Amino acid sequence: MKKRLESMDIKEKTVIVRFDYNVPIRDGKILDDTKIIDSLDTLKYLLKNDCKIVILSHLGKVKTEEDKIKNSLEPVVEKLKILLNQEVYFSRDILDPILPEHVKTMLPKDILLLENTRFLDVPNKLESNCDIQISSFLASLGEVFVMDAFASSHRAHASTVGIAKFLPSCIGFSVERELAALNKFLMSPERPFTVIMGGAKVEDKLELIEAMLKKCDHLLLAGGLANSFLKALNFDVGSSLATNDSHIIENLKNILLNNREKIMLPLDVIVGSSYDESYTKYKKINEIEPDDMIYDIGVKTLEKYKIAILESNTIFLNGTMGVYEDIKYSNGTKELLRILKENEKIVVVGGGDAVSSVKYFGYKDDFTYLSCGGGATLEYLINGHLVGIDSIMEEKEIEVLDV
Ligand code: ADP
Ligand code: MG
């Protein structure tokens, strides 16, 4: 198949590769290097083919000059040197006019990482607006473009979609792995298929809920988004996070009405209080008072959800059952993950916080697939395609990728 890295003519060529090195960094130290490790297959393949390698990535949000200080990719250079056991060059200025000359003098297997592409956004949003001149300058640095940043593939930026317009392009191994896994496990899931969704705001997840309802047999809801559904059913949710938008509530009512058999909501919860930090209480869902804030699901809900999990072959988890970052409200998320692990189903986890919670509670190696895509994963599940891949591959080419 065309457009896959293995079918591209890259021998001894200068290859520009876009990775997702958007890793958490504190005091110059990388806290989680999963994304860097994920890039090694592609990097090693390029090295084996004697390519000269120019790497691009974004890191964090860069809106001001100040943001640049804490979002430099420099710590990633050091990590790559250790992982690959070789020199890795770094250019602090992505638009340095001598860069093209510099790249020409590189030798086969040399690696050059350019500084955070989002630095180009200050002040004129050149990266995020897919500026054509910037795209063409970046493309001029190489002969082939490899898109291997799955988590950035839902954005049409200069360093993703822009460069692909100017060069023969393909997807890298990490993007291929993601697409193949999402296709296999979630686009045509082994049924019964249960989707478990939690997290904060229903507004952020409505499209995903609607897309998943078309595919799944059960939809188990929790977290802040379940509060809005409870509110639509006229339950009092007190001071909990829930939508106030009457159009959304109307929409949720319709969703509930049309999917009565599929949707499950919490029966019991752990609440905090709007005025007392230390107050927490177990409550049935019809016992919520005006100051109560629902922060986690209770044991009866977990028992009910476990029955649906046991009946399923595939489970997709997005979001968290409660405010898992606070130990007082972490039990629901932790217990749900334990239930999922014990029952050895096909379990795919997607969404930034869902994946973080899996790592946080020590279940990193216990599930079928952890999608590293965050928002891109969700967008792929909703729309079935991604703008950063569209410019390289057609949908029918993606469908036949294999895990
Ligand atoms: P993901 O990143 O997996 O898509 P979200 O970002 O939607 O998930 O949700 C995770 C966030 O939702 C966490 O920060 C968590 O604290 C918050 N959250 C979960 N339950 C509640 C709740 N009942 N009230 C307020 N926030 C919640
Ligand atoms: Mg999140």
Worksheet item: What ranking of Y295, Y324 comes out by heavy-atom accessible area, probe 1.4 Å, highest first?
Response: Y295, Y324
Worksheet, complete the sentence: In a Gaussian network model of the chain with springs linking alpha carbons closer than 10 Å, the residue among E342, E207, E74 that fluctuates most is E342
Worksheet, complete the sentence: So, over other residues within a Cβ distance under 12 Å of A200, counting Lys, Arg +1 and Asp, Glu -1, the net charge is -2
Item to complete: Just check the chain against the gyration tensor rule for me: Cα atoms, a ≥ b ≥ c as the square roots of the eigenvalues, rounded for a/c under 1.5, and otherwise prolate or oblate depending on whether a/b exceeds b/c.
Response: prolate
Worksheet entry | Fraction of accessible area attributable to carbon and sulfur, region 179-372 (%, probe 1.4 Å) | 48
Worksheet item: Got the relative contact order for region 179-372 handy, in percent, Cα pairs under 8 Å and 6 or more residues apart?
Response: 22
Worksheet, complete the sentence: DSSP beta bridges in the chain: the antiparallel percent, rounded to 5, is 25
Worksheet entry | Sequence ranges 198-205, 258-265, 159-166, 176-183, ranked by mean other-Cβ count within 10 angstrom, highest first | 159-166, 176-183, 198-205, 258-265
Worksheet item: From the Cα gyration tensor of region 179-372, with a ≥ b ≥ c the square roots of its eigenvalues, which class applies: rounded if a/c is under 1.5, or else prolate if a/b is larger than b/c, or else oblate?
Response: oblate
Worksheet item: Where the centroid of each part is defined by its Cα atoms, how far is region 131-164 from region 311-373 in Å?
Response: 33
Worksheet item: So which lysines pass the test for K68, namely a Cα distance under 30 Å, with those fewer than 8 places away in the same chain ruled out?
Response: K29, K35, K44, K52, K79, K81, K104, K109, K125, K165, K201, K359
Fill in: Solvent accessible area, Å² - V62, 1.4 Å probe, full protein context
10
Item to complete: For the chain, with a Gaussian network of springs between Cα atoms less than 10 Å apart, report the residue from L252, L186, L56 with the top mean-square fluctuation.
Response: L252
Discussion item. Among I249, I98, I285, which one shows the highest mean-square fluctuation when the chain is modelled as a Gaussian network with alpha-carbon springs under 10 Å?
Written reply: I98
Discussion item. If you count only protein heavy atoms and use a 1.4 Å probe, how large is the accessible surface of C51, to the nearest 10 Å²?
Written reply: 0
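In square angstrom, what is the accessible area per residue of the chain with a 1.4 angstrom probe? Walk me through the numbers on the way to the answer.
Working: 18160 Å² over 403 residues.
I get 45 Å² per residue for this part.
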Worksheet item: Counting only protein heavy atoms, what percent of the accessible surface of region 1-120 is carbon or sulfur at a 1.4 Å probe?
Response: 51
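The values are calculated or read from the model by the stated rules, or taken from the named source; none is laboratory data. None of the values given here were measured: they were computed from a predicted structure. Note that each Cβ is placed from the backbone with ideal geometry, even for glycine, and that neighbours are counted across all protein chains shown. Calculation scope for accessible area: heavy atoms of the full protein, side chains included, ligands and nucleic acids excluded. Shrake-Rupley method; radii C 1.70, N 1.55, O 1.52, S 1.80 Å.
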